[in-house]
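The values are calculated or read from the model by the stated rules, or taken from the named source; none is laboratory data. Since the model is a prediction, treat every value here as computed from it, not as a measurement. We place every Cβ from the backbone using ideal geometry, glycine too, and count neighbours over all the protein chains shown. Surface accessibility is based on the protein's heavy atoms, side chains included, excluding ligands, DNA and RNA. Shrake-Rupley method; radii C 1.70, N 1.55, O 1.52, S 1.80 Å.
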Amino acid sequence: MSNLKLAIVLGFALMFIAGLAVGRSPADNRETPAMSPQRPQHSWLGNQLHLSAEQEKQMKAIWSSTAVTRPDLPKQFHECDKDRDQAILDLLTPEQRQQFDRIQLDHKDRVEQLNSERSQSMRDAEDQTRQILSEDQRKKYDDILKAHGHHGPPRNAMVHRRARGGSETEPAHRD
């Protein structure tokens, strides 16, 4: 499993657990937005750091800049990986290239199997979670899953890429 996928899964799990903890905390120990309409809405980090409205505005400007978000970065990583893979392939003899292709194919098959097992475990856990929830809770749970980008099992387990520094599951020269 790639580091990015692992980080996303762990992030979702932590957010879910944190949401449960907050939802189960005593109501008299927290303010609700309805009780304090004059209080500005802060981001999670803003609430943790007790940022002023001005600081919140500045924080949003800092973290939404293109220098940080860099929409072109994934493409640049892909190009770097592709160039590296091609340079390595150019070093190989035809026999070594065949061995490399077999190694890549074996790796792809193993990764697909692991992804399939992980996906099934996630679906099983989600199904078990739904079984212990009321109808309203199930609807909210499904909305939370959708909001966090989980729309059910992966449609194509063949699409596996490492987030950074690795190659695609298909050998690079097949691009």
Next item on the list: Take segment 108-148 and flag every residue that is more than 22 Å from residue 3 (Cβ to Cβ) and open to solvent by 90 Å² or more (accessible area, probe 1.4 Å).
Entry: 128, 131, 132, 135, 136, 137, 139, 140, 146
Item checked: Of residues in segment 121-165 being touching a Pro at 6+ places or on another chain (Cβ under 9 Å) and at pLDDT 90 or above, the one nearest to residue 77 (Cα to Cα) -> 122
